[in-house]
Amino acid sequence: QVQLVESGGGLVQAGGSLRLSCAASGRTFSSYHMGWFRQAPGKEREFVAAITWSGGGTDYAYYVKGRFPISRDNAKNTKYLQMHSLKPADTAVYYCARVRAGLNSHLTIYDYDYWGQGTQVTVSS
C-alpha cells in the first residue's frame with residue numbers, strides 16, 4: 001500500500017514562507033506525476049501545482065503566480081512545495097497526491113489515486 005505523508009505546515013505571518021514536504025512510502029522507485037491540492041473550510045478542494053515524475057515539467061494554478069515552486073527528490077521519495085509571499089487567502093489544508101499510472105495530460109482531481117492526510121497552513125494578517 002502506498003502512503004503519502006505531508007509535513008511542514010504551520011502558522012506563518014503574511015509575506016512569510018513555508019516548505020511543505022510529502023514523503024512517500026511503499027514504493028522503491030518514483031515514476032509518477034505528483035500534485036498538490038488545498039482545501040479551505042467551506043470550499044472544494046482545488047489544484048495548486050503538479051510536477052512530472054522526472055521533475056522536468058511543472059504546472060501551477062493561476063493564483064500561485066510564481067510564489068509556490070514545486071520540486072521533488074526521487075532519491076528520497078519526497079515532493080516539496082516551497083511557498084513564498086504567503087497571503088491569508090492561502091490558508092487551507094494542503095494535500096499531496098499521486099497521479100494514476102499512464103496519465104499525463106488533461107488531468108482532473110479524479111485522476112489522482114493516492115492522497116495524504118493533509119497539513120494545515122494558516123497565514124495571519
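Considering only protein heavy atoms, what per residue accessible area in square angstrom results for the chain with a 1.4 angstrom probe?
54 Å²
Determine the share of the chain's accessible area contributed by carbon and sulfur atoms, expressed in whole percent, with a 1.4 angstrom probe.
Here carbon and sulfur together make up 50 percent of the probe-accessible area.
Hey, which lysines would be in cross-link range of residue 43, C-alpha to C-alpha under 23 Å, not counting anything within fewer than 8 residues on its own chain?
Cross-link targets: 65, 87.
Report the dimensions of region 1-66 along its three principal axes from the alpha-carbon atoms, largest first, rounded to Å.
Principal axes ranked by extent give 38, 24, 23 Å for the Cα atoms.
Between residue 75 and residue 1, 0.36 nm times their residue separation minus their Cα-Cα distance comes to what?
24.7 nm is the gain from fully extending residue 75 to residue 1.
Relative contact order for the chain using alpha-carbon pairs under 8 Å, separation at least 6, rounded to a whole percent?
Result for the chain is 35 percent.
The values are calculated or read from the model by the stated rules, or taken from the named source; none is laboratory data. Treat the numbers as computed from the prediction; the structure is a model and nothing was measured. The area values use the complete protein model at the heavy-atom level, side chains included, leaving out ligands, DNA and RNA. Shrake-Rupley method; radii C 1.70, N 1.55, O 1.52, S 1.80 Å.
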